[in-house]
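Asker: I'd like to ask you about the structure that follows.
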Amino acid sequence: MANGTFTYPDRDGNRQKLVNPSDYDDYNIVIGIGDVDNATDATATLYTEPGSSGRSESIYPGGSLYSDDVFLCCRFTT
């Protein structure tokens, strides 16, 4: 399990969060355009397709990025 909070914009730009997400599970969520913050102790990898497929972008522990793309899946690895 990753300790901490992952915060992201949904499709409508509203801030959502995952608290203490599980390792190696696919979170098939819509991560919309905006600031994505990974305040966990795991690497968060975002995918453009469900099931950890498609183009990917990683956010290291404590990192953040401005996403100008829509992602449909997230996976955490420690």
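Asker: Taking segment 1-23 only, how many residues are under 13 Å from GLY34 (Cα atoms) and in contact with a Phe, Trp or Tyr (Cβ under 7 Å, 6 or more places away or on another chain)?
Answerer: So the first thing to find is which residues in segment 1-23 are under 13 Å from GLY34 (Cα atoms), and the list is 7-16.
Imposing the further condition that a residue be in contact with a Phe, Trp or Tyr (Cβ under 7 Å, 6 or more places away or on another chain) reduces the set to 16.
Adding up the residues that qualify gives 1.
Asker: Output the number of residues of segment 13-60 satisfying the condition of being outside any strand (DSSP E or B) and closer than 15 Å to THR77 by Cβ.
Answerer: The number of residues fulfilling the criteria is 10.
Asker: Moving on to the next point. Among the residues of segment 17-30, write down those that are more than 18 Å from PRO61 (Cα to Cα) and either open to solvent by less than 70 Å² (accessible area, probe 1.4 Å) or modelled with pLDDT under 95 (or both). Lay out the reasoning, then the answer.
Answerer: So in segment 17-30, the residues more than 18 Å from PRO61 (Cα to Cα) come out as 28-30.
Those that are more than 18 Å from PRO61 (Cα to Cα) and either open to solvent by less than 70 Å² (accessible area, probe 1.4 Å) or modelled with pLDDT under 95 (or both): ILE29, VAL30.
Asker: Return only the number of the condition from (1) under 16 Å from ALA2 (Cα atoms); (2) without any contact (Cβ under 8 Å) to a residue 60 or more places away in the chain that TYR66 does not satisfy.
Answerer: Going through (1) under 16 Å from ALA2 (Cα atoms); (2) without any contact (Cβ under 8 Å) to a residue 60 or more places away in the chain one by one, TYR66 breaks only (1).
Asker: If you don't mind, there's one more thing I want to ask. Which ones in segment 35-67 are surrounded by 15 or more Cβ atoms within 10 Å (Cβ to Cβ) and at positive phi?
Answerer: Matches in segment 35-67: SER52 only.
The values are calculated or read from the model by the stated rules, or taken from the named source; none is laboratory data. Predicted model, so just to flag it, every value in this text is computed and none were measured. Cβ coordinates were reconstructed from backbone atoms using ideal geometry, including for glycine residues, and neighbour counts include every protein chain displayed. These area figures cover heavy atoms from the full protein model, side chains too; ligands, DNA and RNA do not enter into them. Shrake-Rupley method; radii C 1.70, N 1.55, O 1.52, S 1.80 Å.
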